[in-house]
Amino acid sequence: MSQHDPRSKNPIVRDVTRPRSSRRKAGLTGWQLAALYLGLAVLPLGAAWLSGIEPVSLTTELGSGLGLLAGALLLIQMLSSGRFESLSGRIGIDRSKSFHRLAGAVVLLIAAVHPLAYLLSTGLDDPSAVWQRLASFVTGQSTRSGLIAFLALTLLVLLPVVRERLGLSYEVWRATHGLLAIGAAGLVLHHGLTTGSYSGERPVLLAWAVLAALALGALVLMYVARPLRMWREAWRVERVTADGEGSWRLELRGPSATSLRFAPGQFIWMTLSPHWPIFHDHPFSIASAEADLPKLRLIVRKAGNCTNHFGSIEPGTRVAIDGPHGSFVLDETGERVLMVAGGVGIAPLLGMLEHAAKAGDKRRFCLIYAGRNPAAFAAIDRIEALSQIIDLEVHLVADQRSGIAGFSPGPLDAPRVAEAIGDPSRTVAYVCGPPGMMAMATDALISGGMSPERVHYERFDDMARGGRLDRRRLRQSIGVLALALAAVAAFTLR
C-alpha cells in the first residue's frame with residue numbers, strides 16, 4: 001500500500017474544490033492561560049493582603065494563606081475542566097484535563113496541610129493544647145463545612161484512580177464527580193466566608209464573590225446550557241458497521257445547514273438518545289473531512305458498556321453532539337507529514353488525510369499504522385483509496401506475524417519510527433494511539449532530531465506513564481502551581 005506522486009495521473013486532485021474554512025476556535029496561549037489561572041488563584045490572597053490586618057504569626061498566616069489558596073483553586077477547577085474552547089482551545093482538552101487532575105491533587109494536599117499550620121502555632125505556644133484544638137477542628141460547628149468539603153475533595157481525587165477497581169461505570173462516575181464537585185465548592189465557599197481571620201473583610205468577600213460567580217457560570221454552561229445546545233441540531237446515526245476487529249465505524253448525518261465546523265484531527269462529544277448529556281457523552285475523534293458535511297464519520301474502539309453495544313444501534317437514532325474540541329489538528333507546516341497511529345488512534349489521522357485529499361494537499365505523507373494483527377486494522381479501504389489521491393506512503397505493522405502481504409512484522413519500535421523521519425527540519429509529525437506507543441514514538445522522534453514543537457500528539461490517559469513530552473508538560477504544570485504556592489509564602493512573610 002504505497003503510492004508515490006500519484007497526482008500526475010489522477011485528475012481528481014486537480015479538480016477538487018478546497019473545503020470550507022476549518023479553523024480552530026480562538027483560545028488563550030499557554031502563557032496567557034497560566035497568567036489568568038494564577039491571577040484568579042491568588043485573588044483572595046491579594047484581597048487579604050490589602051485588607052490591612054496586621055499579621056499574627058508566621059504559622060497562623062501560613063494556615064490562612066493555604067486556606068485562601070485552596071478555596072480559590074477549588075472554585076476555578078470548574079473552569080479548568082477542559083471543555084471551554086474559548087479558554088483552552090489552543091492548548092487542547094487533553095492538557096487541560098491533565099492539569100485539572102494534577103491541580104485537584106495539589107488542592108487536596110494544601111487542604112490537608114492548611115489546619116496543620118494552625119496546630120503548629122498552637123504547639124509552639126502550648127503543646128498540651130494541640131489535641132484539644134485538633135478535636136475542635138473535627139467536631140466544631142465553625143469548621144464543619146471545611147471538614148466535609150475536605151472529605152468530598154478526597155473522594156473527588158481518589159475516585160478516578162480506583163473507579164475501575166470499584167466497578168463504577170463511566171456514567172455513574174461522571175454524575176458522582178459532578179455532584180461532589182458542586183458540593184465541595186459550596187462548602188468551601190461557606191467555610192471561606194464564615195471562618196478565619198480575613199473572612200469578614202470586604203476585599204476578601206468581593207474576591208470570593210468573583211470566584212463564586214465564575215464557578216457558578218461555568219456550572220450553568222456545563223450542566224444546563226451545553227446539554228441543551230447539544231440537541232439543537234438533528235443529528236442521527238445513518239449506519240454502524242464493524243471496521244476491523246474490535247472497532248466500529250459510525251456514520252452520522254446532520255442537517256444540510258449544520259453549523260458544525262471543525263479542523264482535521266478534532267473530536268466531538270456524543271450522546272445517544274434517549275440518554276442525556278452531560279453524564280452520558282463520550283469523546284470520539286472525527287475520521288472524515290469537513291468538506292463531507294453534513295456527513296460525519298467516527299471510528300470507535302469497543303471498550304466499555306457504551307461502545308460494546310454500538311453494533312445494536314438502530315439507523316435513525318438521534319444523537320447529541322458537542323464540538324469541535326481539541327488542538328491536535330493538521331496545519332500547513334512542513335514539507336513532509338509523518339503520522340504514527342496505533343489501533344483506533346487512526347481516527348483523527350484519517351480525518352487529516354481525508355482533508356488533505358479534499359484540499360489537494362501537495363505535501364508528502366507517510367503513515368505508520370500499528371495494530372495487534374491484520375484483522376484489527378480499521379479503515380484499510382479508505383487508506384487504500386486515499387493513497388491513490390495524495391502522495392501517501394503507508395506502512396502497516398502487525399504485532400502478530402501473519403505472512404499476509406502488505407503487513408510488516410511488529411511490534412513497532414523506536415528505530416523504525418526514527419528511520420521514517422527523513423529531514424527533521426522539513427518534517428512535522430502527528431502521533432495518536434495507546435499511551436505506551438505514543439511515549440515510545442514521540443521519544444523516538446525527538447531523539448531522531450525533531451524539534452518538540454514539530455511533534456504533535458493528543459492523549460487522554462494521563463494516568464499512564466508518559467514520554468519526554470509528557471514530562472515536559474508535567475513540569476510546566478507543576479511550575480504554575482509552584483508559583484501559586486510561592487504567593488502563599490510571600491503572603492506569610494509580608
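The values are calculated or read from the model by the stated rules, or taken from the named source; none is laboratory data. Quick caveat, the model's predicted, so the values are computed rather than measured. Counting neighbours? That spans all protein chains shown, and the Cβs are built from the backbone with ideal geometry, glycine included.
Of note:
Here's the yes/no breakdown for (1) modelled with pLDDT under 95; (2) more than 23 Å from D94 (Cβ to Cβ); (3) in contact with a Gly (Cβ under 6 Å, 6 or more places away or on another chain):
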| site | (1), (2), (3) |
| --- | --- |
| R363 | no, yes, no |
| P374 | yes, yes, no |
| Q400 | yes, yes, no |
| I404 | yes, yes, no |
| G422 | yes, yes, no |
| V431 | no, no, no |
| R471 | yes, no, no |
| L474 | yes, no, no |
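- Conditions (1) within 25 Å of Y369 (Cα to Cα); (2) small (G, A, S); (3) surrounded by 17 or more Cβ atoms within 10 Å (Cβ to Cβ); number of the one not met by S477: (1)
- Contacts under 6 angstrom Cβ, first residue in the range 208-220 being under 13 Å from A47 (Cβ atoms) and outside the structural domain of I182 (by TED's automatic domain parsing), partner surrounded by fewer than 21 Cβ atoms within 10 Å (Cβ to Cβ) and among the aromatic types (F, W, Y), 6 or more apart: none
- Tally, over the range 286-321, of residues that are of a type in the set (D, E) and crowded, with 18+ Cβ neighbours inside 10 Å: 1
- Tallying residues that are at pLDDT below 95 and of a type outside the set (G, A, S) within the range 337-356 yields 1.
- Residue match in the range 135-145 (condition: over 22 Å from H275 (Cα atoms), surrounded by fewer than 16 Cβ atoms within 10 Å (Cβ to Cβ), among the aliphatic types (A, V, I, L, M) and within 20 Å of the chain's Cα centre (by Cα)): no
- Residue identified as outside the structural domain of I93 (by TED's automatic domain parsing), touching a strand residue (DSSP E or B) at 6+ places or on another chain (Cβ under 8 Å) and within 30 Å of R232 (Cα to Cα) among I390, I383, I321, I368: I321
- Any hit, the range 195-215, residues being part of a loop (DSSP other than H, G, I, E, B), modelled with pLDDT of 90 or more and surrounded by fewer than 19 Cβ atoms within 10 Å (Cβ to Cβ): yes
- Selection status of I446, assigned to a helix (DSSP H, G or I), without any contact (Cβ under 8 Å) to a residue 60 or more places away in the chain, more than 30 Å from V157 (Cβ to Cβ) and not hydroxyl-bearing (S, T, Y): yes
- Test for A111: is it buried (at least 21 other Cβ atoms within 10 Å of the Cβ) and either within 20 Å of S57 (Cα to Cα) or basic (K, R) (or both): yes
- Test: residue in the range 288-309 that is out of contact with any strand residue (DSSP E or B) (no Cβ under 6 Å at 6 or more places or on another chain), charged (D, E, K, R), closer than 22 Å to R416 by Cβ and touching a residue at least 40 places away in the same chain (Cβ under 8 Å): no
- Pairing each residue of the range 79-96 that is at positive phi with any residue that is in a helix (DSSP H, G or I) and surrounded by fewer than 21 Cβ atoms within 10 Å (Cβ to Cβ), provided the two are 6+ apart or on different chains, yields C-beta distances under 9 Å for G82/K97; G82/H100.
- For the range 158-177, a residue qualifies if it is closer than 16 Å to W276 by Cα and in contact (Cβ under 8 Å) with a residue 40 or more places away in the chain, and the qualifying residues are S169, Y170, E171, R174, A175.
- Criterion (in contact with a helix residue (DSSP H, G or I) (Cβ under 6 Å, 6 or more places away or on another chain) and modelled with pLDDT under 90) met by exactly one of P277, P264: P277
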